[in-house]
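Where a number appears in this text, it was derived from the coordinates with a stated rule and is not lab data. Small disclaimer: the values here were computed from a predicted structure and weren't measured. Note that we place each Cβ from the backbone using ideal geometry, even for glycine, and neighbour counts take in every protein chain shown.
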Ligand code: MRU
């Protein structure tokens with residue numbers, strides 16, 4: 001897949017492949033200021049925890065590049081923009097993680113000139129982007145060993161290249177298994193209401209010629225009961241210190257069904273998604289999104305007027321349902337997280 005997050009230092013712009021329009025239309029959304037970045041995050045032009053982190057890092061660069069060094073309040077203005085950026089979406093911890101990293105380099109040199117801060121942040125954001133790719137490939141290498149030749153692997157939402165800087169977390173594990181010569185078939189749950197599975201997972205796997213079949217979210221039980229699934233691999237938006245994992249709404253249901261059918265359930269996450277400051281899943285903030293995502297399919301309303309709608313975007317899978325976390329440091333049991341520190 002071509003890089004879907006492209007920073008242009010010469011024009012201080014971030015070009016994002018617009019994920020609202022995929023797979024039918026490949027169009028680039030150009031961010032020229034912090035409002036564009038926050039819009040892109042909130043409206044899910046770009047989404048997926050690590051991709052949100054990479055975008056946020058470039059957002060800081062854009063804000064610094066647009067700031068006016070002759071203004072007496074560029075420092076407070078920039079600081080306020082970073083605070084707003086960190087609040088664009090609540091569940092994926094990579095957003096706050098990336099903004100904090102950028103802030104830390106600024107905090108070390110509070111008297112830095114704006115131009116130098118801009119250059120320093122560009123180098124830092126580009127490095128963060130490169131590292132994301134590298135980490136995903138390491139996770140892929142560790143996770144590939146868990147999949148057997150001929151397996152059908154179920155995934156939920158999109159935890160692929162489009163959800164990261166490149167390569168993917170859950171789909172990175174599948175890519176690495178395929179690259180090592182294993183035959184893997186992917187079942188992509190469609191993932192109502194934004195359809196990340198039907199649209200995005202299917203799109204990027206088809207591009208890589210990895211066999212993929214889309215299934216309705218509510219077919220998961222039947223498919224598992226029929227013996228059609230050998231493993232589940234998903235990503236996560238935030239893993240708490242006790243190993244509970246928040247991921248796209250519906251993941252918890254898949255995990256319960258996997259347990260019922262003795263199917264291993266893996267969560268592929270970089271350490272940037274593990275939030276050691278959050279004790280358990282109960283403390284993870286769950287984003288609620290506009291009812292329009294549920295009441296409408298594209299422009300067509302499918303529910304009666306004035307009937308209320310619930311649109312929680314994430315749920316939490318308790319650690320006890322997770323067979324293992326696949327990380328860049330290796331495959332670990334959720335309970336073993338206590339041996340690591342942030
Ligand atoms: O609302 P989204 O599309 O940002 O949610 C994305 C997910 O839930 C992904 O599974 C998660 O971020 C892991 S991405 C590697």
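A compact table of results
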{"read-out": "Computed Rg/Rh of the chain, alpha carbon atoms with Kirkwood Rh", "value": "0.97"}
{"read-out": "Fraction of antiparallel bridges per DSSP, the stretch 141-340 only, in percent to nearest 5", "value": "40"}
{"read-out": "Rounded to 5, percent antiparallel among DSSP beta bridges of the stretch 233-334", "value": "65"}
{"read-out": "Listed residues 163, 56, 177, most fluctuating in the chain (Gaussian network, C-alpha, under 10 Å)", "value": "177"}
{"read-out": "Tilt relative to the chain, helix 170-179 - C-alpha long axis, 0 to 90 degrees, to 10", "value": "70"}
{"read-out": "Top of 68, 132, 315 by mean-square fluctuation, Gaussian network on the chain, Cα under 10 Å", "value": "68"}
{"read-out": "Calculated SAXS-style log₁₀ I(q)/I(0) at q = 0.11, 0.17 Å⁻¹ - the stretch 5-136, Debye, Cα scatterers", "value": "-0.35, -0.84"}
{"read-out": "Which of 17, 162 has the fewest Cβ neighbours within 10 Å, and the rest in rising order", "value": "17, 162"}
{"read-out": "Expected-Rg normalisation [2.2 N^0.38 Å, Cα atoms] applied to the stretch 1-42", "value": "1.15"}
{"read-out": "Dimensionless Rg/Rh of the stretch 69-109 - Kirkwood Rh, Rg from C-alpha atoms", "value": "1.04"}
{"read-out": "Rounded tilt (10° steps) of 74-86 against the dominant C-alpha axis of the chain", "value": "10"}
{"read-out": "Cα centroid separation, the stretch 202-268 to the stretch 33-87 (Å)", "value": "32"}
{"read-out": "The chain: relative contact order as a whole-number percent, Cα under 8 Å and 6+ apart", "value": "16"}
{"read-out": "C-alpha long axis of helix 251-260 to longest principal axis of the chain, angle in °", "value": "30"}
{"read-out": "DSSP beta bridges in the chain [antiparallel fraction, %, rounded to 5]", "value": "55"}
{"read-out": "Theoretical ellipticity at 222 nm over the chain - DSSP helices of four or more residues, -39500 (n - 2.57) apiece, nearest 500", "value": "-11000 deg cm²/dmol"}
{"read-out": "Order of 62, 210 under a 10 Å beta carbon neighbour criterion, fewest first", "value": "210, 62"}
